[in-house]
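*Asks:* Supplied in structure tokens, the structure appears directly below.
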Amino acid sequence: MNGLMYSIVKFIIKTGLYAYYKGIEIRGLEHVPKNKPVMFLPNHQSALMDVLLIATDCNRKPYFLTRADVFKKAFLKRIFAYFQMLPIYRIRDGRESLTNNDKIFDACANVLHNGNALVMFPEANHNLRRRVRPLSKGFTRILFRSLELYPNLDIQLVPVGLNYQDATHFPDRVSVHFGKPIAVTSFFDPRDYMGSSRAIKEKVTTELKMLTTHIEDDANYDRIVQSLEHRGADFTDPVAINNEVERFNEWKNINEPNLQSSSSAFRILLYILNVPIYVLWKYWLRPKVPEAEFVGTFKFAFGLLAYPIFICFLFLILINVIPVDMALIILVVHASITFFIIKYLLK
């Protein structure tokens, strides 16, 4: 991708993300190697939002492995290719399509051989449940293929914990925790691919469980989450949350107060100021969102497109009734109030 175009797109997306989220906290960037091939391995909760948060704040210009079904339309295929996205085929795409992965694995090996970074979600699916799911062997197959072609390649694995306060809520808060790099060669035995795969997956799983909330207790999962929410727990702090989860037996019988939000009036004001956007989202686009994991993605994309268009239409209306300078002042005040409400007044 052209460097200038990449920088422009990255700036727009990053600006949009910092406007969309009430707060974004990035930790552990010092762990990301600058001059070595890197594979980022994040947990996967909120569809495309996970990708955008890593792409804009990982200090690298990564390639992405993406589910192949989104590449079916030629137009989208060109766009995804432009943004360094590679298709990965799964059994649900048809058993015969899996053979296409051989070429993709070779392409990934070349990406790493050239010292670049690659992002792959090792859980192989997204889910809003606050736990690290079993990792697939797909990412280890890419690693082993890379080492077959380039035996001296020093690939570094960087586990990434994505932590949303509430991925379907607006405005949300999120933290991105980059873990310490893991040298693949420390776990790779060319005589034992199965054992090497198991060892790498166990190491990455262990690291991810410390970088994001992990609630292992299936039987009490809903009760734990509800109790933490009632206590006003900060899910963007995985260390504190996981410590609380470990102490569940100590506080499970305590009646927790349900903390009520006091921002309803400000939310109503936000809706009034941006009523066309709110109506279109609630009654047109929201019903089309296929899964809860895509709510954040659709909200962000819609807001990124809809708000500038709304402001432009508002400006065209205003300049027909008042001077241009007054119209500009009104738009600046409108944008400032909207921004202030989202950042400081809503919960």
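The values are calculated or read from the model by the stated rules, or taken from the named source; none is laboratory data. Not measured: the values here are computed from a predicted model. Quick reminder, even Gly has a Cβ in these numbers, built from the backbone with ideal geometry, and neighbours come from all protein chains shown. All accessible areas refer to the heavy atoms of the entire protein, side chains included, with ligands and DNA or RNA removed. Shrake-Rupley method; radii C 1.70, N 1.55, O 1.52, S 1.80 Å.
*Asks:* On the first, second and third principal axes, largest extent first, how far apart are the outermost C-alpha atoms of the range 155-196 in Å?
*Replies:* 50, 19, 10
*Asks:* Mean-square fluctuation check for the chain, GNM, Cα pairs under 10 Å: which of 156, 45, 84 is largest?
*Replies:* 84
*Asks:* I would also like to ask the following. At a Cα cut-off below 18 Å, give the lysines reachable from residue 34, other chains included and same-chain residues fewer than 8 away excluded.
*Replies:* 61, 180
*Asks:* Largest first, please: the extent of the C-alpha atoms of the range 88-163 along each principal axis, to the nearest Å.
*Replies:* That gives 38, 32, 16 Å along the principal axes, largest extent first.
*Asks:* Then there's this: Bin width 10 Å, origin at 0, all Cα-Cα pairs of the range 1-101: what percent of pairs per bin?
*Replies:* 12, 40, 35, 12, 1
*Asks:* Could I ask something else about it? Aspartates and glutamates within cross-link reach of residue 201: Cα-Cα under 16 Å, excluding same-chain residues under 8 positions apart?
*Replies:* Reachable aspartates and glutamates: 123, 189, 192.
*Asks:* Another one. Given axes a ≥ b ≥ c from the Cα gyration tensor, I'd like to know whether the range 258-347 is rounded (a/c under 1.5), prolate (a/b larger than b/c) or oblate.
*Replies:* oblate
*Asks:* How far apart, in nm, are two points set 7 Å out from the Cα along the Cα-to-Cβ line at residue 79 and at residue 99?
*Replies:* 3.1
*Asks:* Anything over 31 Å Cα to Cα? Flag those among 72/343; 73/343; 77/209; 72/347; 10/347, in the order listed.
*Replies:* 72/343; 73/343; 77/209; 72/347
*Asks:* Oh, and also: Rg and Dmax of the range 84-227, using alpha carbons, in Å: what are they?
*Replies:* 16.9, 50
*Asks:* Using DSSP, restrict attention to beta bridges with both residues in the chain and report what percent are antiparallel, rounded to the nearest 5.
*Replies:* Rounded to the nearest five, the antiparallel share is 25 percent.
*Asks:* Another question, then. For the chain, what is the accessible area per residue in Å² when the probe is 1.4 Å?
*Replies:* Here the per-residue accessible area is 53 Å².
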